[in-house]
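Let me begin by presenting the structure, written as structure tokens, before commenting on it.
The values are calculated or read from the model by the stated rules, or taken from the named source; none is laboratory data. Nothing here was measured: the structure is a model prediction, and the numbers come from that model. In this analysis, Cβ positions are derived from the backbone assuming ideal geometry, glycine residues included, and neighbour counts consider all displayed protein chains.
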Amino acid sequence: MHDERSGVYAADAYARATGTIGVCDATVGPGASNLVSGLVEASSSSVPLLAIVSDIPIAWEHRRAHGSASQAFEQRSFLEACVKYYGRVGSTASLPEMLHACIRLATSGRPGPTVLEVPDDIFAELAEDADFPASREYGVYPRLRSAPDPSDIARAVAMLQHSQRPIVVVGGGALRADAGPEILELAQVLGCPIATTLTGKGVVAETHPMAVSVVGRFGVPMANSAMEQADCVIFIGSKTGQTTTLNWTLPFLDTPVIHIDIDPGEIGRSYHNSVALLSDAKLGAAALAEALRTSVLSTDWDRAAIRQMQEDWWTGPIAFKEAPVEGVLKPQDVMRTLRRVMSDDDLIVSDASLASGWIGGRFMLRQAGRRFFAPRGLAGLGWGLPAAVGVSEAMASGGIPAEGRVVCVAGDGGWGYSLAEVETALRRRLPIVSVILNNSTLGWIKHSAAARYPDAMVSQDFERVSYAHSAEGLGANVATVSELDQLELALKTALSDQSRVPWVIEATTCKIETPVLPSRVSTSSKGGY
Ligand SMILES: Cc1ncc(C[n+]2csc(CCOP(=O)(O)OP(=O)(O)O)c2C)c(N)n1
């Protein structure tokens, strides 16, 4: 790839799509330092990765400082903070075991990234064939599943027996654990709505009669409204972070919480009185559902009201912040068009910023599974296109079924970080369809600056740039669209093109609209937005 940042992003997305570890490599020094954003994204999103990084020869250690040895710097202390484990290979004899350690640690427990650092002289040595039995199963996650303590299940059941309106909120941990069927079972027994975090989107199909879609800042108002009405919240595989909980104001601090998680350090971090079920998401949901099946419950959600909210949100009229302007598309309309034209076999990848929120709240996932990929760990711009390359490679190599296409959605700011990877997609014959929401501005930053410092704005605007022209130069088929029917035609053409040449569709979009939902002002049920 053109940039080590892209390499690690692609490996991350490959791991998310396939359920196996992603691997990338980078050269000593500037290559290694470029891995930081991707390693932190994978760490905060709990994605197993192995980054193989080279280093100066062992004998040159005294030449590390100030680049006496060309490109050397303290890369270990720099990268070690970003990963679960940093293995430095000291001899060829230790290589097989070190490699095994990196893979084993990346995929076990809460998954995360690891680094294998190999000095240049070790790389150059001839290694004997390893007398070490390699086992592919270590590269797959979740590898070892643990079940909850029955006494904790009994406490959770006792709490739920007092609940009229429980809600299940599932995060990325549930998606990684393939816990969808068990979570559906749990919600069925409880007769309750199911919400997801942005990273958990896909655990259940959003067509389900009790699915209220994504909660939090990048979510859907009906999900936040269901959270407000809930008198007990069951988090499954979620770090209950800022975006999901509207700055830890929802659930309210006095709402009873049950938390199923693989990482004991997460349970109780945001909601101190949580009933803790230390468990894999799949086994935890199954055990709770099983115990509840024989319990007396008194849940009474208004199912018809939930059904109505779903219909209004997905198919009702869209409320815009400003009136439609000719020649400028609304991202909400772009999402509805994408949804109409894309098939259920297509996968969707978003870049950071508003693109994640537009898809999170406005693009209904009609089938469950790992179908939507977004960088919410570090939320760094430029993740989208390289990640689409990783997902598309997974399709091309048979790592995941290949019936559909990979669609990438990015703002123009984010697209600018990694646009050279269009050539990678072309060279690898990956028929990715990218849609750039070109509002010629760093939209989210502009919106927050306007809200916080309206009298001291600095410019977040760009010149009007033709990203279509640059993508054409990089070898893609392109289209520039500013009307909905043009967009629909371009998408249909791109998605049915059999040439395996990537497509880049540049849409002129407005600067004003935002998918970001307002934060609540208080942690109590009395405070509003
Ligand atoms: C690498 C990186 N730098 C800075 C930011 C801070 N940031 C968050 S959103 C945003 C604006 C993104 O603009 P664009 O990609 O055009 O999307 P839009 O918000 O306009 O939809 C910025 C700069 C970030 N998330 N990542």
Do you know which residues across region 93-129 are among the charged types (D, E, K, R) and in contact with a Lys or Arg (Cβ under 9 Å, 6 or more places away or on another chain)? Arg104, Arg110, Glu117
Checked Gly139, Gly173, Gly237, Gly191 against criteria (surrounded by fewer than 23 Cβ atoms within 10 Å (Cβ to Cβ), in contact (Cβ under 8 Å) with a residue 24 or more places away in the chain and under 21 Å from Ile262 (Cα atoms)); the one match is Gly139
Within region 456-463, is there a residue that is touching a residue at least 40 places away in the same chain (Cβ under 8 Å) and surrounded by 24 or more Cβ atoms within 10 Å (Cβ to Cβ)? no
How about region 113-222: which helices (runs of 4 or more DSSP H) wholly inside it have at least 3 residues that are more than 30 Å from the chain's Cα centre (by Cα) and not polar (S, T, N, Q)? 120-124, 150-160
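Table: residues versus (1) part of a helix (DSSP H, G or I); (2) without any contact (Cβ under 8 Å) to a residue 24 or more places away in the chain.
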site	(1), (2)
Gln367	no, no
Leu378	no, no
Gly382	no, no
Gly390	yes, no
Glu393	yes, no
Gly398	no, yes
Residues of region 198-210 satisfying the condition of being buried (at least 24 other Cβ atoms within 10 Å of the Cβ) and either touching a Lys or Arg at 6+ places or on another chain (Cβ under 6 Å) or in contact (Cβ under 8 Å) with a residue 60 or more places away in the chain (or both): Leu198, Thr199, Lys201, Val203, Val204
Scanning region 473-529 for residues that are of a type outside the set (A, V, I, L, M, F, W, C), under 27 Å from the mean Cα position of the chain (by Cα) and more than 16 Å from the ligand (Cβ to nearest atom) gives Glu488, Lys492, Ser496, Arg500, Pro502, Pro518, Ser519, Arg520, Thr523, Tyr529
Give the residue that is farthest from the ligand (Cβ to nearest atom), with candidates limited to residues of region 436-464 that are out of contact with any helix residue (DSSP H, G or I) (no Cβ under 7 Å at 6 or more places or on another chain) and under 22 Å from Leu487 (Cα atoms). Arg464
In contact (Cβ under 8 Å) with a residue 60 or more places away in the chain, over 30 Å from Ser522 (Cβ atoms) and out of contact with any Ser or Thr (no Cβ under 9 Å at 6 or more places or on another chain): is that true of Ala276 in this structure? no
If you go through Gly413, Gly380, the only one that is surrounded by fewer than 22 Cβ atoms within 10 Å (Cβ to Cβ) and either more than 20 Å from Gly219 (Cα to Cα) or modelled with pLDDT of 95 or more (or both) is Gly380
Give region 66-112 a look and list any residue that's at negative phi, assigned to a loop (DSSP other than H, G, I, E, B) and over 27 Å from the mean Cα position of the chain (by Cα), or say none. Ser68, Ala69, Ser70, Ala72, Phe73, Glu74, Val89, Gly90, Ser91
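Residues are listed down the side, and each one gets a yes or a no for (1) surrounded by fewer than 24 Cβ atoms within 10 Å (Cβ to Cβ); (2) more than 16 Å from the ligand (Cβ to nearest atom); (3) in a helix (DSSP H, G or I):
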{"residue": "Met1", "(1), (2), (3)": "yes, yes, no"}
{"residue": "Ala10", "(1), (2), (3)": "no, yes, yes"}
{"residue": "Ala13", "(1), (2), (3)": "no, yes, yes"}
{"residue": "Arg16", "(1), (2), (3)": "no, yes, yes"}
{"residue": "Asp25", "(1), (2), (3)": "yes, yes, no"}
{"residue": "Val28", "(1), (2), (3)": "yes, yes, no"}
{"residue": "Gly31", "(1), (2), (3)": "yes, yes, yes"}
{"residue": "Gly38", "(1), (2), (3)": "no, no, yes"}
{"residue": "Ala42", "(1), (2), (3)": "no, no, yes"}
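Conditions (1) touching a strand residue (DSSP E or B) at 6+ places or on another chain (Cβ under 6 Å); (2) crowded, with 17+ Cβ neighbours inside 10 Å; (3) not assigned by TED's automatic domain parsing to the domain that holds Ala11, marked per residue:
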site: Leu95; (1), (2), (3): no, yes, no
site: Thr107; (1), (2), (3): no, yes, no
site: Pro113; (1), (2), (3): yes, yes, no
site: Pro119; (1), (2), (3): yes, yes, no
site: Phe123; (1), (2), (3): no, no, no
site: Glu128; (1), (2), (3): no, no, no
site: Asp131; (1), (2), (3): no, no, no
site: Ser135; (1), (2), (3): no, no, no
site: Leu144; (1), (2), (3): no, no, yes
Could you tell me whether any residue of region 51-69 is closer than 27 Å to Ala420 by Cα, among the small types (Gly, Ala, Ser), in contact (Cβ under 8 Å) with a residue 60 or more places away in the chain and buried (at least 17 other Cβ atoms within 10 Å of the Cβ)? yes
What is the one condition in (1) closer than 30 Å to Gly191 by Cα; (2) touching a residue at least 60 places away in the same chain (Cβ under 8 Å); (3) out of contact with any strand residue (DSSP E or B) (no Cβ under 6 Å at 6 or more places or on another chain) that Gly327 does not satisfy? (1)
If you go through region 325-342 one residue at a time, do you hit one that is closer than 22 Å to Gln161 by Cα, at pLDDT 95 or above and not aliphatic (A, V, I, L, M)? no
